[in-house]
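Engineer: Below you will find the structure I want to go over with you.
The values are calculated or read from the model by the stated rules, or taken from the named source; none is laboratory data. This structure is a prediction, so every number in the text was calculated from the model and none was measured. Methodologically, a virtual Cβ is constructed for each residue, glycine included, from the backbone with ideal geometry; neighbour enumeration extends over all protein chains shown.
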Amino acid sequence: MISPLHQDAINLDTLLERAKVESLGHLNALDILPTKGAYTTNPARDQLPQQGIGALNAFDEFNERLRNVIVASSGPRYWGYVIGGTTPASIVGDWLATAFDQCSFATAGQGDISANIEVETIQLLRQLFNLPDTYLGGFVSGATMSNFTCLSVARQWAGQQLGVDIANDGMVPGITVLSAEPHASAVKSLAMLGIGRNNVVRINYLDGNREAMDVADLEAKLQALNGQPAILISSAGTVNTVDFDDMAAIGKLKETYNFWWHVDGAFGGFAACSPAYQHLVAGWEQADSLTIDCHKWLNVPYDSAIFLMQTKHRQLHIETLQPLNSPYLGDLLTNVNYQTLVPESSRRLRALPAWFSLMAYGKEGYQQIVETNIQLAQTFGKMLSESGCFELLAPVRLNTVCFTLTNAEPEQVNSFLKTLNETGLVFMTPTVYRGRAGIRAAFVNWRTREEDVSMVFGEMVKLVE
Ligand SMILES: *Cc1c(COP(=O)(O)O)cnc(C)c1O
């Protein structure tokens, strides 16, 4: 008897056809599919079969048990966290990345050309963000790993300043990290890097309902270090209110003080795609390292993000991330070998979905996605603040709306959100801003339209009345 594996190989055409039909079924229903789902285990059916059932039967099983509880997270009304969608071209790229199954780890041009495609895609992204070619970049699984990668090199730099090769000889105590509003993933990276979550010295916010750092306070703290090295984690878009640190002012301090400057622009960095908003990141091209998420506002499938690191740090970068300690770096300094630049060794061809989408929609396509989402956030913010039932916790600075119910206890806010999410029409996430219970809606999906915003707002008003 022919094995299920070999049977499937013969039936590949039918299987891929089915995958196409099922995918279209999902994508075409994104507008109406619920944004909630309830998974239950089924001990009778979730065991590893002794003999495989073949992919077609697995399809049936998937459809019966799992598919109908998968939520429309890439649909137009999934506004929780910062969840992007998928452009048609990025789906094509992702499908092909799977079908071609390349391992993107080696030196550009050696073994396969994955690394060449990756280098090319990074160049397209640099052009999208108007960043100079002094940056070397690569793909990682998300902004967390991008922050991790950048901060690992920052740590190596700080060690070097203190006369220690941390990658080879282990940690030293006493690395100063400064930040006003670091993303949780940057703090997590500090934990993984042995720098420690508790070792972030908080810089004051600017006055007036801001989350951006007071650069005068940053300067005072740098001055007090007396030339000792520091790592600065700055924000191009905080999560609650999408506030931006003053990049130009920070860049100016680089002339006088000894610090590594990292910018987390996971989603806020996309301000650079719009002439109307690019002033928010003006000066960020002076940063030592940058984090940008692709599975958020670039609207490519999970898992995708990039880091960008100034090429002048190439030696430190390789010292930190090369698999084995090779004292002679030679060719690595001129060739791009991703094994020496990213945390993973083997990776899928993660660049391909981004490559497809960037080629397909170009600068103007992304400007339009970004500006439309910002416009929708502003519309939603205006509806809320004019309603009397809701109140903005901060102005809508870019694509996220942070709000609460007027005159409500925290329990009321949370139970309102729970009821709203239970409708399955929309998904938003809770937050606490300046000690007040709030709700966040983030607009990063190209599918979201004005009608979605009105529909959700109508539902919200019904629920508070
Ligand atoms: C989402 C986000 C991250 C973490 O990104 P993942 O892709 O979830 O790992 C880091 N920084 C900021 C500012 C973010 O919004």
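Engineer: If Val342 satisfies every condition in (1) assigned to a loop (DSSP other than H, G, I, E, B); (2) away from the ligand (no atom under 16 Å from the Cβ); (3) more than 25 Å from Gln378 (Cβ to Cβ) but one, which is the exception?
Structural biologist: Checking Val342 against (1) assigned to a loop (DSSP other than H, G, I, E, B); (2) away from the ligand (no atom under 16 Å from the Cβ); (3) more than 25 Å from Gln378 (Cβ to Cβ), the one that fails is (2).
Engineer: Is at least one residue of region 418-440 small (Gly, Ala, Ser), assigned to a loop (DSSP other than H, G, I, E, B) and either touching a residue at least 24 places away in the same chain (Cβ under 8 Å) or touching a Gly at 6+ places or on another chain (Cβ under 8 Å) (or both)?
Structural biologist: So far as region 418-440 goes, yes, one or more of its residues are small (Gly, Ala, Ser), assigned to a loop (DSSP other than H, G, I, E, B) and either touching a residue at least 24 places away in the same chain (Cβ under 8 Å) or touching a Gly at 6+ places or on another chain (Cβ under 8 Å) (or both).
Engineer: Looking for something of a type in the set (Phe, Trp, Tyr), over 21 Å from the mean Cα position of the chain (by Cα) and more than 21 Å from Ser185 (Cα to Cα) - is there at least one such residue anywhere in region 329-347?
Structural biologist: No, there is no match, as no residue in region 329-347 is of a type in the set (Phe, Trp, Tyr), over 21 Å from the mean Cα position of the chain (by Cα) and more than 21 Å from Ser185 (Cα to Cα).
Each row is one residue, and each column tells you yes or no for (1) within 16 Å of the ligand (Cβ to nearest atom); (2) touching a Pro at 6+ places or on another chain (Cβ under 9 Å).
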residue: Phe105; (1), (2): no, no
residue: Gln127; (1), (2): no, no
residue: Leu136; (1), (2): no, no
residue: Thr144; (1), (2): yes, no
residue: Trp157; (1), (2): no, yes
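Engineer: Something else about it: Just checking, does region 265-278 include any residue being part of a helix (DSSP H, G or I) and more than 21 Å from Thr448 (Cα to Cα)?
Structural biologist: yes
Engineer: Here's another thing I want to ask about it. Being away from the ligand (no atom under 16 Å from the Cβ) and farther than 15 Å from Gly138 by Cβ is the requirement here; does Gly268 meet it?
Structural biologist: no
Engineer: I've got another one for you. Just to be sure, is Glu219 more than 11 Å from the ligand (Cβ to nearest atom), in a loop (DSSP other than H, G, I, E, B) and modelled with pLDDT of 95 or more?
Structural biologist: When the stated conditions are applied, Glu219 does not pass them.
Engineer: Restricting attention to region 33-44, and to residues there that are at pLDDT 90 or above and either of a type outside the set (A, V, I, L, M, F, W, C) or loosely packed, with under 10 Cβ neighbours inside 10 Å (or both), which single residue is farthest from Thr448 (Cα to Cα)?
Structural biologist: Ranking the candidates gives Lys36 first.
Engineer: Counting only residues that are buried (at least 19 other Cβ atoms within 10 Å of the Cβ) and of a type in the set (A, V, I, L, M, F, W, C), which one in region 168-192 is farthest from Val82 (Cα to Cα)?
Structural biologist: For region 168-192, the residue satisfying everything is Ile175.
Engineer: Residues Asn168, Asn198, Asn209, Asn240: which one is more than 17 Å from Leu290 (Cβ to Cβ), among the polar types (S, T, N, Q) and within 16 Å of the ligand (Cβ to nearest atom)?
Structural biologist: Being more than 17 Å from Leu290 (Cβ to Cβ), among the polar types (S, T, N, Q) and within 16 Å of the ligand (Cβ to nearest atom) holds for just one of Asn168, Asn198, Asn209, Asn240, which is Asn240.
Engineer: So, of the residues in region 193-215 that are of a type in the set (Gly, Ala, Ser) and closer than 30 Å to Cys402 by Cα, which turns out to be surrounded by the most Cβ atoms within 10 Å (Cβ to Cβ)?
Structural biologist: Restricting to residues being of a type in the set (Gly, Ala, Ser) and closer than 30 Å to Cys402 by Cα, the top hit is Ala212.
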